[in-house]
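One structure is given here, and the rest of the page talks about it.
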Amino acid sequence: MHNLLGKYFQRGLTVFALVGLCASAWSASSIRDLCEVQGARENRITGVGIVVGLMGTGDGAAASIEAQKNVLERYGIDVKDLGSLSSKNIAICMVDAVLPPFAKEGTTIDVNVESVLDASSLEGGQLLETYLRGPGPGDTVYAVASGPVSLGGFNADTSAGTSVRSNHPTAGRIAGGAMIEQEVPASITDGERLTLLVRRPSFEAANEISQALDTAYGTNTATALSGGAVQVRIPPEKQRDLVAFIAELNKLRVDVEQPAVVVINERTGTIVVGGGVMIKPCQVAHGSLTVEISTTETAVPALPFTDADPLVVENEEIEVTEPEVSLMPVEGTSAAEVARSLNMLRLTPRDMIAIFQALHAAGALEAEIKKI
């Protein structure tokens, strides 16, 4: 391993080598945490609006002038000369929001506002009435957004030409800025059955959920259609109050096996080891290579009887040091033992990532490696 890279990671990064201390990879979770009811999902709605009231930080593009003209004409103001309009106080923005499942007409939701063109800041801006529509074709307006834009940042300029910037002043949020005008049609049951969608699909999880439902409500209540879906037959006595049945169903505890996963982020040097990770007995050799480059300056006198200046010559010396390495035993039957074994090697994040990949390639690591 190259020690220069290791030193870089040691300065600014932290390794998280342990998530769970339990030796067992099984844990009890509620169905609410494992599944969601098909049809009961969020919907994203979007629209394009205009933010006004900016202090000279608006768009400079010609499209903003045209948009301003259209807005004024909508309010009965006839604009004959586009040259009389200025876009420095307005900005064209993309407006989006998340429509919760079963949201009713008249309730309010938060909206996000982001500048589309070249506005430098939305500070002090007010979003004009903006229609928010759903995905795909269609003119159905599900919500109408408007209100003052709240920023999480700012731009400050001085007469000397210096500036200070915090976060992103071209993106903001309006709390409760959209009112729902149209409910999204949703169907979660045909009256006799509903379907649970497994958040982390696997055949084992779907089977455990199906068995837990059969135990609670009787044989043949649930059928695992695949690793990602479980169909539930609603008991006749529960069909009159579907909401109460789903609430009761969500509280059921299911023993599911947690996947053995090692998550690696090479950009930040972060490693997360799941509780079910095991390492078979193996031997690991860890060594480091240190390269030191030093430069010394030597003055060379000028030639006699001349007006030339002395020359300065740089001499570079390269020294390579490679300490002895030895094989060290590494094994672990739990995340705690895995972390303890690897920490004994005094590894840098970069070295530990390389060792995890080598252990996986050698078949000694009983886990899946995911890179993010």
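Mind listing just one residue for me: the one in the stretch 185-225 that is among the small types (Gly, Ala, Ser) and loosely packed, with under 11 Cβ neighbours inside 10 Å and, of those, farthest from Ala103 (Cα to Cα)? Only one residue tops the list, namely Gly191. For Ala205, the criteria (1) in a helix (DSSP H, G or I); (2) at pLDDT 90 or above; (3) among the small types (Gly, Ala, Ser) hold in every case but one, which is (2).
Quick check on Gly275: is it of a type in the set (Gly, Ala, Ser), at pLDDT 65 or above, surrounded by 14 or more Cβ atoms within 10 Å (Cβ to Cβ) and touching a helix residue (DSSP H, G or I) at 6+ places or on another chain (Cβ under 7 Å)? Show your work before the answer.
Working: of a type in the set (Gly, Ala, Ser): yes; at pLDDT 65 or above: yes; surrounded by 14 or more Cβ atoms within 10 Å (Cβ to Cβ): yes; touching a helix residue (DSSP H, G or I) at 6+ places or on another chain (Cβ under 7 Å): yes.
So Gly275 fits the description; yes.
Of the residues making up the stretch 243-252, those that are in contact with a strand residue (DSSP E or B) (Cβ under 8 Å, 6 or more places away or on another chain) and surrounded by 12 or more Cβ atoms within 10 Å (Cβ to Cβ) are Ile246, Leu249, Asn250, Leu252. Scanning the stretch 73-103 for residues that are among the hydrophobic types (A, V, I, L, M, F, W, C) and without any contact (Cβ under 8 Å) to a residue 12 or more places away in the chain returns Ile77, Val79. Looking only at the stretch 226-242, residues that are surrounded by fewer than 18 Cβ atoms within 10 Å (Cβ to Cβ), in contact with a Gly (Cβ under 9 Å, 6 or more places away or on another chain) and in a loop (DSSP other than H, G, I, E, B) come to 2 in all. Within the stretch 101-149, which residues are under 28 Å from the mean Cα position of the chain (by Cα) and of a type in the set (Lys, Arg)? Of everything in the stretch 101-149, just one residue is under 28 Å from the mean Cα position of the chain (by Cα) and of a type in the set (Lys, Arg), namely Arg133.
Just one of Ala67, Ala28, Ala17, Ala23 is modelled with pLDDT under 85 and in a helix (DSSP H, G or I); which is it?
Details: Ala28 fails: in a helix (DSSP H, G or I); Ala17 fails: in a helix (DSSP H, G or I); Ala23 fails: in a helix (DSSP H, G or I).
From the options Ala67, Ala28, Ala17, Ala23, the qualifying one is Ala67.
The values are calculated or read from the model by the stated rules, or taken from the named source; none is laboratory data. Everything numeric here is computed off the predicted structure, so don't read it as measured data. Cβ: placed from backbone, ideal geometry, glycine included. Neighbour counts: every protein chain shown.
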